[in-house]
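In what follows, a structure is listed as structure tokens, so that the remarks can point back to it.
The values are calculated or read from the model by the stated rules, or taken from the named source; none is laboratory data. In this text, all values refer to a predicted model and were calculated from it rather than measured experimentally. Virtual Cβ from ideal backbone geometry, glycine too; neighbours counted across all protein chains shown. The area values use the complete protein model at the heavy-atom level, side chains included, leaving out ligands, DNA and RNA. Shrake-Rupley method; radii C 1.70, N 1.55, O 1.52, S 1.80 Å.
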Number of protein chains: 2
Amino acid sequence: MGEHGIQFDLNSDLFIKDPQTSSYGQKLLSASILLFDDLGFESFTFKKLAQAISSTEASIYRYFENKHKLLLYLTNWYWEWVGYLINIHLINLEDPKKRLKVVIHQIVNASNESPLTPYVNENILHKVIIQESSKAYHIRDVDKENKEGLFESYQTLVDKVACVIKRLSPSFAYPYMLASNLFEMSNNQIFFAEHLPKLTDIKNNKDKYNKLEEAMCHMCFKILN
Amino acid sequence: MGEHGIQFDLNSDLFIKDPQTSSYGQKLLSASILLFDDLGFESFTFKKLAQAISSTEASIYRYFENKHKLLLYLTNWYWEWVGYLINIHLINLEDPKKRLKVVIHQIVNASNESPLTPYVNENILHKVIIQESSKAYHIRDVDKENKEGLFESYQTLVDKVACVIKRLSPSFAYPYMLASNLFEMSNNQIFFAEHLPKLTDIKNNKDKYNKLEEAMCHMCFKILN
DNA sequence: GGTAAATAGATAGTAATACTATCAATAAAT
DNA sequence: ATTTATTGATAGTATTACTATCTATTTACC
């Protein structure tokens, strides 16, 4: 049961058995991130994942109902992690402007932080989130799964950011819209820079995360002035 | 070959045979919009579509390689249509502010315009775009398909909007980012209002499109001042 | 250290999906 | 009236997304 690093408390309807709690499960998570990155959601199968960890399909089905739930688990883990980083960086920071700056920095640049767990490569997970996370909620059963709380980590995180926005600008009418848009915009614009460059002003070079952060700060503070 | 209504010139790699050019193809399009809306992309199959138009799988495969290409065809059609509406409403309109207002109105409210074609229900197509369009480009082969020009309609449209932004505010550094974000934001916030209300300030009532338009205008003009 | 309980491996099987191929029937174009 | 293009009917294959069962191996704990 070798427990390593931090663990997040994720909604228990996401999994059959929480992979964070066993070394097999941690291997599963670790390999699934690499494989989602490699194959994309559509080509990813439990059979291929089983091969990657020298295991069997049946064993993986003991942890997750299907690959959708696995992706949802990873996205929830990711948002919990970003929320955790934001919390840490907001401690003892009172200035509302600086607080929002820190939030935007963490949204865009979280994956450059030092790793928290041996079995999650946050950097590659971020890539997976950019490419695949929208598929986790653009589904037929979104209402049912929302009732079950399967998107809670994201909603809590958006609420956290909305509160930072409200503290800076209490009269602003759309704090939740702006907050969720910050997350969606960040993912989209990185994706566009990498794949559909005509849809963004961000160039696909090393500096892109910093440039994006700058752009998002610029727009955000204009909106809130 | 009964040709009805307007036709858009879509990239020929989207289809094997352009469905706009035959009455069978038009029936196919018409039914596919309803079926995507009904089932969602994942549960949609060519077999079910064939049943819906009393035809066979094999016949549908003569028009489209797979359901991904069909969805991509519909999204391109949709963006061509929005572009067409924007063009019409910008004729003889010189004031840069009013031009941007019209653009935002069309992005959010296009589906309330009077229908252009008998075989496309633009209103339901808009719903499909909101729910499914992001899956059309979040794919492994995005770079290859982009080279083939399969996302051209969207890129042209974003460029059109970016130009309207530039005319209003020539010194603004991120016109493409803002333009693509207007489209993505519009779809996302409607989706959130309907399914994940904690992520937005827009309430899910009749007025939501107008409220969203108002919110987007407010933020957009703040950014460009 | 020994035994029960939990976990993982191995294998098999099924229904549905995503196609491809072939040939006959029908509608359109000349 | 006849060639040509289009659609229908049917069959077949590999892969996917599971479920079930039984055995082997760890792990927990007394």
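Looking at this structure, is A:Glu148 charged (D, E, K, R), open to solvent by less than 20 Å² (accessible area, probe 1.4 Å) and either facing another protein chain (nearest Cβ under 9 Å) or more than 29 Å from B:Cys217 (Cβ to Cβ) (or both)? Walk me through it before giving the result.
Details: charged (D, E, K, R): yes; open to solvent by less than 20 Å² (accessible area, probe 1.4 Å): no; either facing another protein chain (nearest Cβ under 9 Å) or more than 29 Å from B:Cys217 (Cβ to Cβ) (or both): yes.
Judged against the criteria, A:Glu148 is not a match.
Which number in (1) within 16 Å of B:Leu71 (Cα to Cα); (2) of a type outside the set (Lys, Arg); (3) in a helix (DSSP H, G or I); (4) within 13 Å of DNA strand D (Cβ to nearest atom) marks the one condition that B:Phe36 misses?
(4)
Quick one: what pairs do we get from the stretch A:157-179, first residue open to solvent by 20 Å² or more (accessible area, probe 1.4 Å), second outside any helix (DSSP H, G or I), C-beta under 8 Å, 6+ apart or different chains?
Qualifying pairs under 8 Å: A:Lys166/A:Phe172; A:Ala173/B:Asp201; A:Tyr174/B:Asp201; A:Tyr176/B:Thr200; A:Tyr176/B:Asp201.
Filter the stretch A:12-33 for residues that are more than 14 Å from DNA strand D (Cβ to nearest atom) and open to solvent by less than 30 Å² (accessible area, probe 1.4 Å); which is nearest to B:His138 (Cα to Cα)?
Filtering the stretch A:12-33 for residues that are more than 14 Å from DNA strand D (Cβ to nearest atom) and open to solvent by less than 30 Å² (accessible area, probe 1.4 Å), the one nearest to B:His138 (Cα to Cα) comes out as A:Ile33.
So if I check each of B:Phe64, B:Phe36, which one is within 16 Å of DNA strand C (Cβ to nearest atom), open to solvent by less than 30 Å² (accessible area, probe 1.4 Å) and over 22 Å from A:Lys135 (Cα atoms)? Give the derivation first.
On the way: B:Phe36 fails: over 22 Å from A:Lys135 (Cα atoms).
That would be B:Phe64, the only listed residue that is within 16 Å of DNA strand C (Cβ to nearest atom), open to solvent by less than 30 Å² (accessible area, probe 1.4 Å) and over 22 Å from A:Lys135 (Cα atoms).
Could you tell me whether A:Phe44 is within 16 Å of DNA strand C (Cβ to nearest atom) and either among the charged types (D, E, K, R) or in contact with a Phe, Trp or Tyr (Cβ under 6 Å, 6 or more places away or on another chain) (or both)? Before the answer, list the steps.
Numbers: within 16 Å of DNA strand C (Cβ to nearest atom): yes; either among the charged types (D, E, K, R) or in contact with a Phe, Trp or Tyr (Cβ under 6 Å, 6 or more places away or on another chain) (or both): yes.
Here the answer is yes, as A:Phe44 does meet what is asked.
Could we say that A:Asp9 is away from DNA strand D (no atom under 13 Å from the Cβ), away from every other protein chain (no Cβ under 14 Å) and loosely packed, with under 13 Cβ neighbours inside 10 Å here?
Working: away from DNA strand D (no atom under 13 Å from the Cβ): yes; away from every other protein chain (no Cβ under 14 Å): yes; loosely packed, with under 13 Cβ neighbours inside 10 Å: yes.
Yes; evaluated as a whole, the condition is true for this residue.
Right, A:Asp201: surrounded by fewer than 19 Cβ atoms within 10 Å (Cβ to Cβ) and within 11 Å of chain B (Cβ to nearest Cβ) or not?
Numbers: surrounded by fewer than 19 Cβ atoms within 10 Å (Cβ to Cβ): no; within 11 Å of chain B (Cβ to nearest Cβ): yes.
Judged against the criteria, A:Asp201 is not a match.
Kindly establish whether B:Glu57 is of a type outside the set (A, V, I, L, M, F, W, C), modelled with pLDDT under 95 and within 14 Å of DNA strand D (Cβ to nearest atom). Walk me through how you get there before you give the answer.
Numbers: of a type outside the set (A, V, I, L, M, F, W, C): yes; modelled with pLDDT under 95: no; within 14 Å of DNA strand D (Cβ to nearest atom): yes.
No, not satisfied.
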